[in-house]
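Enquirer: Let me begin by handing over the structure; questions about it come next.
Read-outs throughout are calculated quantities, based only on the coordinates presented, and are distinct from any laboratory measurement. If you're wondering where the values come from, they're calculated on a predicted model, not measured in any experiment. For neighbour counting, all protein chains shown are included, and Cβ atoms are generated from backbone atoms with ideal geometry for every residue, glycine included.
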Amino acid sequence: MKNNSTICKKPLTRGVLSALILLPAFVSAQISASGQKITAHQELSRDIFRELVEINTTVNIGSTKAAEAMAERLRGAGFAETDINVVGPSELHKNLVVRLRGTGTLPPVLFIGHLDVVEALRQDWSFDPFKFQEIDGYFYGRGTSDIKDEDADLIANLIRLKKEGFQPDRDIIVALTEDEEGGPANGIQWLINNRRDLINAEFCINPDGGGGSMKNGKKTVMAIQTSEKVYRDFKLESRNNGGHSSLPVKDNAIYHITAALNNIADHEFPLNLNETSRMFFERNAIQETGQMKADMLAVSKIPPDTAAARRLANASPYYNAQMRTTCVATVISGGHANNALPQTAVANVNCRILPGEKAEDVLSILKNIVNDPLVEITFAATSAPGPLSPLRKDVLEAVDSITESMWPGVIVTPVMSTGATDGRRLRIAGIPVYGVSGIFSDDDDVRAHGKDERIEVNSFYEGVDFMYRLMKELSSVKSRVRE
């Protein structure tokens with residue numbers, strides 16, 4: 001569809017611009033670039049998606065332009081100026097926070113997404129990464145899967161709810177933030193520190209932390225992220241007087257570090273399943289058969305079956321990471337000359353620590369594992385631990401019911417992320433976070449942060465519909481009654 005700004009060559013007034021922005025919401029079904037018939041709401045979400053992708057929001061450029069563009073759309077939809085806030089630490093790095101007012105019967109619910117994207121160079125892609133394209137059933141462009149698809153989803157649904165005159169039983173807050181991918185001031189943290197009043201909520205939905213998985217074109221699992229492992233680096237260092245390589249001795253800094261890393265490689269941290277990981281295995285067992293099914297059910301019990309856990313850990317690094325803290329060597333360096341005994345050897349061990357476990361305890365375990373006074377182990381890079389979000393019955397039942405109605409047979413399961421999102425920051429601040437998205441992605445076609453990033457067209461539209469239903473369900477009194 002033609003960019004609305006090209007319809008007239010004269011400068012557009014705010015009133016005319018607002019009407020054009022909302023035009024797709026008032027017309028009948030459209031025809032997409034691929035010839036597919038789409039609804040007016042899908043057309044609006046696609047147009048917002050296109051606009052966001054074509055605004056470069058990499059770290060050196062910032063996200064303010066994208067935040068202002070979405071604010072303009074919301075003004076055109078009738079949102080009050082007092083309910084739209086574009087705020088941040090600098091002119092280039094601002095966040096958008098908007099509120100759809102409810103009756104106040106329930107406390108607010110917060111939905112978040114990040115506007116910034118990782119760098120994308122034209123020479124690395126098959127086409128301009130900041131040009132939104134629909135090709136053979138996919139939308140292409142930087143941010144199409146991480147996560148401007150969800151940003152467009154949230155804004156389009158707010159506009160739809162406003163147009164329909166929907167009044168929720170709780171305020172619906174949407175925050176589209178800056179610098180999640182890394183930058184001068186993480187947007188969520190800035191809001192927590194400086195404008196907590198704008199985002200204070202009973203709980204938060206974070207589409208960046210959950211969603212659907214596909215395998216060989218088949219939708220299999222819908223994940224609800226309730227927690228994240230804690231990132232922690234440890235520095236191992238061994239020092240020595242060195243000497244000439246023609247006179248080797250056993251006391252060698254590189255040997256000490258190598259032996260230490262071998263000891264860590266052989267160590268297995270103890271099983272420690274929580275509410276989320278137990279339900280993860282219990283629900284995933286539904287789609288399995290034979291020994292795998294039996295093992296998943298066995299580890300979901302209290303206490304977990306250790307033999308079953310061992311088989312699952314051997315079958316999948318992901319399953320292993322759901323059950324225990326993990327540590328792995330990631331960087332090593334040592335020596336200063338080819339013909340000299342090394343005076344220093346250093347290694348980095350990266351640990352992903354389960355919620356509730358302490359980094360200090362992991363440090364103590366590593367020292368015991370290494371058991372070498374000539375290897376010093378200290379804390380290096382870290383992130384603050386975030387608690388496990390307790391499973392809310394209203395969130396779980398809403399995702400269960402909507403998923404069953406849209407994709408019968410797909411398993412809904414809580415998950416603990418082995419990576420990190422902005423959800424951790426909100427959990428630390430006392431706001432429980434649930435990673436939920438209705439967009440399915442192919443397990444074998446992960447292109448976020450990479451070349452020719454893309455998302456399936458149908459998955460995007462289905463995700464928009466899913467989030468519309470979820471917003472209405474979670475902002476309704478009836479969902480609270482079921483708790």
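Enquirer: By how many nm would the segment from residue 40 to residue 458 grow when fully extended, if each residue of separation counts as 0.36 nm and the alpha-carbon distance is taken off? Please list the in-between numbers first.
Expert: On the way: separation 418, 0.36 × 418 = 150.48 nm, distance 1.49 nm.
Fully extending the segment from residue 40 to residue 458 adds 149.0 nm.
Enquirer: For the stretch 236-313, which trypsin sites (Lys or Arg not before Pro) pass both filters: DSSP loop (anything but H, G, I, E, B) and at most 14 other C-beta atoms within 10 Å?
Expert: Sites meeting the loop and neighbour criteria: 250, 301.
Enquirer: Based on the mean of other beta carbon atoms within 10 Å per residue, what is the order of 434-444, 71-81, most packed first?
Expert: Result, highest mean first: 434-444, 71-81.
Enquirer: With a bin width of 10 angstrom, please list the P(r) values of the stretch 128-248 as percents of all Cα-Cα pairs, from the 0 bin to the one holding the largest distance.
Expert: Reading upward from the zero bin: 9, 24, 31, 17, 7, 7, 4, 1, 0.
Enquirer: Can you give the alpha-carbon Rg of the stretch 230-382 over 2.2 N^0.38 Å, where N counts its residues? Before the final figure, lay out each step's value.
Expert: Numbers: Rg = 19.5 Å, N = 153, 2.2 N^0.38 = 14.9 Å.
So the Cα radius of gyration is 1.31 times the expected 2.2 N^0.38 Å.
Enquirer: Please list, in order along the stretch 265-272, the HN-Hα scalar couplings obtained from phi with the Karplus expression 6.51 cos²θ - 1.76 cosθ + 1.60 (θ = phi - 60°), rounded to whole Hz, x for Gly and Pro.
Expert: For the stretch 265-272, the Karplus-derived couplings read 4, 7, 8, 10, 5, x, 4, 7 Hz, x marking Gly and Pro.
Enquirer: Something else about it: Can you classify the stretch 418-483 as rounded, prolate or oblate using the Cα gyration tensor, where a ≥ b ≥ c are the square roots of its eigenvalues, rounded means a/c under 1.5, and otherwise it's prolate if a/b beats b/c and oblate if not?
Expert: oblate
Enquirer: Related question: If a/c stays under 1.5 just call it rounded; otherwise compare a/b with b/c (prolate if a/b is bigger, oblate if not). Do that for the stretch 82-154, with a ≥ b ≥ c from the square roots of the Cα gyration tensor eigenvalues.
Expert: oblate
Enquirer: Can you give the extra length, in nm with one decimal, that the chain gains between residue 393 and residue 164 once fully stretched, where that is 0.36 nm per residue apart less the Cα-Cα distance?
Expert: Gain on stretching residue 393 to residue 164: 79.7 nm.
Enquirer: On full extension of the chain, what length is gained from residue 361 through residue 195, given 0.36 nm per residue of separation minus the C-alpha to C-alpha distance?
Expert: Full extension of this stretch gives 56.3 nm more.
Enquirer: Residue-wise, which Karplus ³J(HN,Hα) couplings in Hz belong to the stretch 381-396, taking 6.51 cos²θ - 1.76 cosθ + 1.60, θ = phi - 60°, and x for glycine or proline?
Expert: 4, 8, 9, 5, x, x, x, 6, 7, x, 5, 8, 5, 5, 5, 4
Enquirer: Which part of the stretch 360-382 falls in the paramagnetic zone of residue 239, meaning amide N under 11 Å from the point 7 Å along Cα-to-beta-carbon?
Expert: 376, by backbone N distance to the label point.
Enquirer: For residue 94, enumerate residues with amide H under 5 Å from its amide H, sequence gap 5+ or separate chain, H modeled in the peptide plane.
Expert: 63, 64
Enquirer: Please give the calculated 222 nm ellipticity per residue for the chain, where each DSSP H segment of at least 4 residues contributes -39500 (n - 2.57) and the sum is spread over every residue; nearest 500 deg cm²/dmol?
Expert: -10500 deg cm²/dmol
Enquirer: Normalised by the number of residues in the chain, what is the relative contact order in percent for Cα pairs under 8 Å and 6+ residues apart?
Expert: Values: 975 pairs, mean separation 102.5, N = 483.
Result for the chain is 21 percent.
Enquirer: Whole-Hz ³J(HN,Hα) for each residue in the stretch 438-455, computed from phi via Karplus 6.51 cos²θ - 1.76 cosθ + 1.60 with θ = phi - 60°, x for glycine and proline: what do you get?
Expert: Values per residue, Gly and Pro as x: x, 9, 8, 10, 7, 4, 9, 9, 8, 10, 4, 6, x, 6, 6, 4, 7, 8 Hz.
Enquirer: To the nearest Å, what is the center-to-center distance of the stretch 193-212 and the stretch 382-433, using C-alpha atoms only?
Expert: Comparing the Cα centres of the stretch 193-212 and the stretch 382-433, I get a distance of 12 Å.
Enquirer: Holding the Cα-Cα limit at 26 Å, pick out from 218/293; 293/358; 215/478; 215/451; 148/451 the pairs that are longer than that.
Expert: Listed pairs above 26 Å: 293/358; 215/478.
Enquirer: Nearest 0.05, what FRET efficiency do residue 331 and residue 448 give at R0 = 30 Å with Cβ-Cβ as r?
Expert: Computed FRET efficiency for residue 331 and residue 448: 0.80.
Enquirer: Tell me the label-point distance for the pair residue 263, residue 126, using the 7 Å Cα-to-Cβ offset, in nm and rounded to one decimal.
Expert: Modelled inter-label distance: 5.1 nm.
Enquirer: Using only alpha carbons, build the gyration tensor for the chain and give me the equivalent ellipsoid semi-axes, biggest first, whole Å.
Expert: Square roots of five times the eigenvalues give 44, 27, 21 Å.
Enquirer: Follow-up question, since we're still on this one. When the Cα atoms of the stretch 311-434 are enclosed in a convex hull and the volume is divided per residue, what value in Å³ results?
Expert: Cα convex hull per residue, to the nearest whole number: 178 Å³.
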